[in-house]
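Student: Here's a structure for you.
The values are calculated or read from the model by the stated rules, or taken from the named source; none is laboratory data. Keep in mind that this is a model prediction, so the values were computed, not measured. Cβ coordinates were reconstructed from backbone atoms using ideal geometry, including for glycine residues, and neighbour counts include every protein chain displayed.
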Amino acid sequence: MSYRSPLLARPGAVEAAGADAGVAAHYGDPLREQRLLARGEAIVDLSHRGIVTVSGPDRLSWLNALSSQLLLQLQPGESTEALLLTVQGRIEYDIELVDDGETAWLIVEAFEAPGLAEWLQKMKFMFRIEIADVTDQWAVIGSTAAQPELAGRTVWQDPWPQVGAGGFAYTGVEEPAHPGRERTWFEYLVPAAGLEDAVEGRTLAGVWAAEALRIAAWRPRFGAETDDKTIPHELDLIRTAVHLAKGCYKGQETIARVHNLGHPPRRLVFLQLDGARTSLPAAGSEVRLGDRKVGTVTSVALHYEMGPVALAVIKRSVDPAAPLLVVDGDEQYDAGQEVIVAPDAGQVVGRQGGFLRGPR
């Protein structure tokens with residue numbers, strides 16, 4: 001049975017589609033909701049998100065051995081991001097992780113939770129841990145500002161775009177100038193049965209608002225910017241989700257080889273779309289350079305200040321100064337690109353500066 005949030009009963013609520021089905025896309029005024037969310041004056045219903053818990057004394061050492069992130073010294077209440085990779089270094093799961101001192105809370109996309117819980121169970125062996133998919137028991141509330149009314153709740157704060165310990169930035173943008181600095185992001189966990197009480201008296205914004213702010217912050221999302229071939233370097237996820245100096249984990253060889261000796265084959269790019277159009281291209285639309293397909297639009301939104309914007313994954317070799325064209329069926333949209341992942345990112349052995357390295 002598919003999920004449907006009780007907040008969809010609110011006046012003006014219009015249900016989202018795709019990965020966000022089950023919660024509201026908006027409540028009747030998307031751009032106003034986006035402005036309020038950006039100012040920290042609204043909250044977002046993300047109760048469709050998946051939640052898996054790992055408890056027990058071995059939880060952090062066990063998760064550390066499995067994932068791309070160094071978790072051994074993770075403190076209660078500290079937020080991080082971790083990836084589970086294939087042997088080839090491709091992203092299988094992208095996890096928002098916060099530990100409360102007894103339990104590690106793993107927040108993922110709704111479609112990830114069942115498979116993640118099942119995979120973790122298979123890797124349990126003799127470790128002193130307990131794993132549970134608690135998606136139906138807990139709900140997520142998103143906001144760009146801390147919520148005093150929810151103080152004491154478990155909360156994950158997005159580390160993006162800070163270059164974490166052991167991380168590395170694949171952009172050529174100095175960190176203070178990164179547009180992600182304009183967006184802070186919190187995800188609060190509340191009991192699913194108490195969701196309506198938790199948002200009582202608060203202004204609601206739909207997920208369209210959250211998506212527009214995410215895109216403007218160059219923040220990749222699993223299932224949108226990823227496919228079955230995605231490696232972290234292509235999306236600038238080395239900055240927040242990978243510790244380059246930690247011990248062995250599945251996929252580490254690819255991470256190290258591309259980082260030290262090679263370049264990612266594709267790169268994430270921000271697109272400013274033709275503002276004269278009254279429509280938006282769909283995610284999945286082709287990105288073309290002349291008559292040649294060079295990539296795919298992965299996320300698109302109407303931003304309350306910038307107008308139509310998108311993220312796309314394109315071939316690394318595409319000239320950063322080249323004007324691009326987005327094609328959605330019979331519709332075509334002129335697109336100016338802003339570099340997120342630099343074309344020469346990677347191959348750091350023997351290089352002098354150029355990119356930002358996190359503390360080891």
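Student: Can you tell me which residue among G290, G262 is over 25 Å from E182 (Cβ atoms) and without any contact (Cβ under 8 Å) to a residue 40 or more places away in the chain? Give the steps one after another, and end with the answer.
Tutor: Working: G262 fails: without any contact (Cβ under 8 Å) to a residue 40 or more places away in the chain.
Every option except G290 fails the conditions.
Student: Considering only residues that are within 21 Å of D100 (Cβ to Cβ), of a type in the set (G, A, S) and out of contact with any Lys or Arg (no Cβ under 6 Å at 6 or more places or on another chain), which ones fall in the range 20-64?
Tutor: S47, G50, S55, S61 - these are the residues of the range 20-64 that are within 21 Å of D100 (Cβ to Cβ), of a type in the set (G, A, S) and out of contact with any Lys or Arg (no Cβ under 6 Å at 6 or more places or on another chain).
Student: Turning to a different aspect of this structure: Taking the range 174-220, which residues are touching a residue at least 12 places away in the same chain (Cβ under 8 Å), assigned to a loop (DSSP other than H, G, I, E, B) and not aromatic (F, W, Y)?
Tutor: Residues satisfying the conditions are E174, H178, R183, T184, R202, T203, G206, A217, R219, P220.
Student: When you look at V297, is it crowded, with 22+ Cβ neighbours inside 10 Å, β-branched (V, I, T) and under 30 Å from R4 (Cα atoms), yes or no?
Tutor: Against the criterion (crowded, with 22+ Cβ neighbours inside 10 Å, β-branched (V, I, T) and under 30 Å from R4 (Cα atoms)), V297 qualifies.
Student: Which one is farthest from S68 (Cα to Cα) among residues in the range 155-170 that are touching an Asp or Glu at 6+ places or on another chain (Cβ under 9 Å) and aromatic (F, W, Y)?
Tutor: That would be W156.
Student: Of all the residues that make up the range 1-18, how many are surrounded by fewer than 16 Cβ atoms within 10 Å (Cβ to Cβ) and in contact with a Phe, Trp or Tyr (Cβ under 8 Å, 6 or more places away or on another chain)?
Tutor: 4
Student: Which residue pairs have Cβ atoms under 8 Å apart, sit 6 or more places apart or on different chains, and have a first residue in the range 160-173 that is assigned by TED's automatic domain parsing to the domain that holds E96 and surrounded by fewer than 19 Cβ atoms within 10 Å (Cβ to Cβ) and a second that is of a type in the set (K, R) and not in a loop (DSSP other than H, G, I, E, B)?
Tutor: Close Cβ pairs satisfying both conditions: Q162/R239.
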